[in-house]
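The values are calculated or read from the model by the stated rules, or taken from the named source; none is laboratory data. Note that the structure is predicted; figures quoted are calculated from it, not measured. Positions of Cβ are backbone-derived with ideal geometry, glycine not excepted, and every protein chain shown enters the neighbour counts. Areas reflect the complete protein model, heavy atoms only, side chains present, ligands, DNA and RNA absent. Shrake-Rupley method; radii C 1.70, N 1.55, O 1.52, S 1.80 Å.
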Amino acid sequence: MSARIGLASIDGSYVDQHFGSARYWQIYDIGNEASFVETRKTRPGCNGHCEGGFDAMLEVLEDCDALFVSKIGDGAALAMLQKGKRVFEAAGPVEEIVEQILAQGLLASL
């Protein structure tokens, strides 16, 4: 198993950003263990509800297989799924979420 994930976190400590307004993404490679790659900055896809408008964000997250956000609307989730991205709603410390991904084999099917 090997996957690259993006976690929406303004400070790198907690997954705390809604997909559509996420400005910072913590990028990790997940295999037998997790390794931090980098922090990426994006322009928020929208402010409030919107249809589409995620191209700039998708470009920054193009190499990510899965995204972890505090919330995501149905339209945005569908748009990500259509682009081959798995999206998960999660909230809490980044380290704990990454540990759960590893322990539960959450991305084993990627």
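The table below gives the values:
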| quantity | calculated |
| --- | --- |
| Those residues of the stretch 53-73 which are farther than 23 Å from D29 by Cβ and either of a type in the set (V, I, T) or modelled with pLDDT of 95 or more (or both), in sequence order | K71 |
| Selected residue (criterion: modelled with the highest pLDDT) from residues of the stretch 26-52 that are open to solvent by 60 Å² or more (accessible area, probe 1.4 Å) and not in a strand (DSSP E or B) | E33 |
| Residue, least open to solvent (accessible area, probe 1.4 Å), within the stretch 73-95, restricted to residues that are of a type outside the set (D, E) and part of a strand (DSSP E or B) | G92 |
